[in-house]
Amino acid sequence: MADWIERWKETSSAAERSIAAAGDLDALEKERVAWLGRSGKLNLLMKELPALPEDRRRAWGGPANQDKNRIVGLLEERKESFERAALEGALTKAEIDPTLPPPPPSRGRLHPLTLALDEMISILARLGFSWAEGPNAETEYYNFEALNIPAEHPARDTQDTFFLKTREGSPGLLMRTHTSPVQIRRMESARPPIRIIAPGRVFRHEAVDASHSAVFHQIEGLYVDKNVSMADLKGTLDTFLQCLFGSQTKTRFRPSNFPFTEPSAEVDISCILCGGSGCAACKRSGWMEILGCGLVHPNVFKAVDYNPELWSGFAFGLGVERIAMLKLGVTDIRMFYENDVRFLEQWG
């Protein structure tokens, strides 16, 4: 029994001396394994303790555990001391110039849709158009009826339009499907000549995919005066599209049908990717559809109490996302709304 006690005292004292003499973290780890590892000398002695007589086991078990805990604490202290010294040494060697300016802070930038919209507004402003706005939630009158869209027209179906619940007796409301209601509101409140653009958000009840969105942006133009003709419309759009896509841009007008214009046309531009030679983007045709337009329908003038025999005008509309995708080379409209900073940082 006395032999175990003496061996424990000698071993624990030797462990303390060895740990105190360790010169770095690697040496300290070797000492930990040598004394307290699975086959460490102190652990092996502790395994002999249960074989001692009960009175001796009770007498020496407590002090032995205290010795072991003290050695564990000594290991932790030495380890912290080495780590602190290493950190202080690294800080001392680091070359820091406090006179250097700090790194520039992150700065916000304009959204690519805002950039595209600003460019179009700037061009049309130089052509004499002024800004006009209207509410996002519209009545059926302004969104459909005043624009000569009949009750049976597919655009008025619930499959295409977001209708809003209203209190009984209140006029029916919907989320506007185009910015054309702004034209009606402006003509109701002003007399010709009128030359406005109506940028804004519009809403369509349709599935979202790479080229379609339930919420997107349009910009529409309206010009009303005496003796306005298709020649005025074509000259305006030719100038606008060449300023937007380059002086080499060609346009063509194809007959179409819109309830609020007569005659109506779809406008194509020569493909901005292949220059009109034909590629996958323009389906080998050399042309890309860009907007719809036409002369204001006489029924629209009658809805705002304009004499269609005295006044004439033209209107056109195009999608902001469509223009941004073409100019920036973006292939998926959803990227504009995902708020991915990696995408947004590429523009502006």
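Values quoted throughout were computed directly from the atomic coordinates according to the rules given, and no laboratory measurement underlies them. Quantities reported herein were computed from a predicted structural model and do not represent experimental measurements. Cβ atoms come from the backbone with ideal geometry, glycine included; neighbour counts cover every protein chain shown.
In table form, for the structure just shown:
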| item | result |
| --- | --- |
| Fewest-first ranking of Ile123, Ile19, using other Cβ atoms within 10 Å as the exposure measure | Ile123, Ile19 |
| Fewest-first ranking of Val224, Val330, using other Cβ atoms within 10 Å as the exposure measure | Val330, Val224 |
| Dipole magnitude (debye, nearest 20) for segment 2-93, charges at Cβ of Lys, Arg, Asp, Glu | 180 debye |
| With eigenvalues of the C-alpha gyration tensor scaled by 5 and rooted, segment 2-93, Å | 32, 11, 10 |
| Dipole of the chain, positive end: most advanced residue of His153, Ala86, Leu110 [Cβ charges, Cα centre] | Ala86 |
| Peptides 51-60, 249-258, 231-240 ordered by average Cβ neighbours within 10 Å, highest first | 231-240, 249-258, 51-60 |
| Size of charge dipole - the chain - debye, nearest 20, with Cβ of Lys, Arg +1 and Asp, Glu -1, no other charges | 320 debye |
| Calculated [θ] (222 nm, deg cm²/dmol) that DSSP helices of n ≥ 4 give over the chain, each run adding -39,500 (n - 2.57) | -13000 deg cm²/dmol |
| Percentage relative contact order, segment 112-344, counting C-alpha pairs under 8 Å, at least six apart | 21 percent |
| In degrees, nearest ten, helix 230-245 long axis to first principal axis of the chain (Cα) | 20 degrees |
| Dipole in debye (nearest 20) - segment 120-169, about Cα centre, beta carbon charges: Lys, Arg +1; Asp, Glu -1 | 260 debye |
| In segment 282-334, the GluC sites (Glu not before Pro) that fall in loop regions by DSSP, at most 15 other Cβ within 10 Å | Glu309 |
| Dipole of the chain [Lys/Arg +1, Asp/Glu -1 at C-beta], most positive-end residue of Pro263, Ala22, Ser180 | Ala22 |
| Given (i) 21.5; (ii) 26.2; (iii) 27.2, the label whose value is Kirkwood radius over Cα pairs in Å derived from this model | (iii) |
| Label point distance in nm, Leu310-Ser81, each placed 7 Å from Cα along Cα→Cβ | 10.2 nm |
| Additional length obtainable on full extension of the chain from Ala151 to Phe343, 0.36 nm per residue less Cα span | 64.9 nm |
| Segment Gln248-Asp3, extension gain: residue separation times 0.36 nm, minus the distance between their alpha carbons | 77.8 nm |
| Euclidean distance between Cα centres, segment 291-336 to segment 173-227, Å | 7 Å |
| Potential lengthening between Glu262 and Lys93 on full extension [0.36 nm per residue; Cα-Cα distance subtracted] | 52.9 nm |
| Neighbourhood net charge (11 Å Cβ-Cβ; Lys/Arg +1, Asp/Glu -1) for Asn136 | 0 |
| Dipole of the chain [Lys/Arg +1, Asp/Glu -1 at C-beta], most positive-end residue of Gly61, Trp8, Tyr306 | Trp8 |
| Too-long pairs where the Cα-Cα distance tops 26 Å, listed order kept, from Lys226/Lys250; Lys30/Lys68; Lys226/Lys327; Lys68/Lys93; Lys165/Lys302 | Lys226/Lys250; Lys226/Lys327; Lys68/Lys93; Lys165/Lys302 |
